[in-house]
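Contents: one structure, followed by commentary.
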Amino acid sequence: MMKTKNEDGTINAFLGKNTSFNGTLAFDGLVRIDGTFEGNVKTNDTFVIANSGRVKADIDAGTVKISGNFEGTVVAKTKVELYKPAQVTGTIKTPSLVIEDGVVFNGTTEMGKNSGKNTQPNEGEKK
């Protein structure tokens, strides 16, 4: 079950069903999307895409939780959690990834300390 509240129980911003927004979203705390969003997201905190949410974006966040439709790139400092009935297309870079049974994920993922770093050996090193 996806939790969508901060430790103190509050949602800082909410984009409701049948609502759409295009642009850049920068925030502290927790933001939940139930409507449609297209653009960029920048936060060190939590970004949630609920079941009815449809997001096409580049996301740079602390934690990302998705149970709706997402297309784009996610770079998460802490964790990405995908819950059914999520449909995700794109790239996920994170140290921790949770995918619930029933999620559709089409894309690539990079995990761990070296996520996003060049892992090719330097000239002169053994391959």
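See the values below:
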| item | result |
| --- | --- |
| Extension gain from residue 18 to residue 40, taking 0.36 nm per residue of separation minus the Cα-Cα distance | 6.0 nm |
| Radius 10 Å from Cβ of residue 91, net charge of other residues (Lys, Arg +1; Asp, Glu -1) | -1 |
| Distance between modelled label sites at residue 101 and residue 79, nm, 7 Å Cα→Cβ extension | 2.0 |
| Order of exposure, largest accessible area first, which applies to 17, 79, 65 with probe 1.4 Å | 17, 79, 65 |
| Cα-based shape type of region 1-111, given that a ≥ b ≥ c are square roots of the gyration tensor eigenvalues and the cut on a/c is 1.5 | rounded |
| More than 11 angstrom apart: percent of Cα pairs within region 22-68 | 61 |
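The values are calculated or read from the model by the stated rules, or taken from the named source; none is laboratory data. What you are looking at is a predicted structure, and each value in this text was computed from that prediction instead of being measured. All Cβ positions, even for glycine, are placed from backbone atoms using ideal geometry, and neighbour counts span all protein chains on display. Heads up: the accessible areas ignore ligands, DNA and RNA and are worked out on the full protein's heavy atoms, side chains in. Shrake-Rupley method; radii C 1.70, N 1.55, O 1.52, S 1.80 Å.
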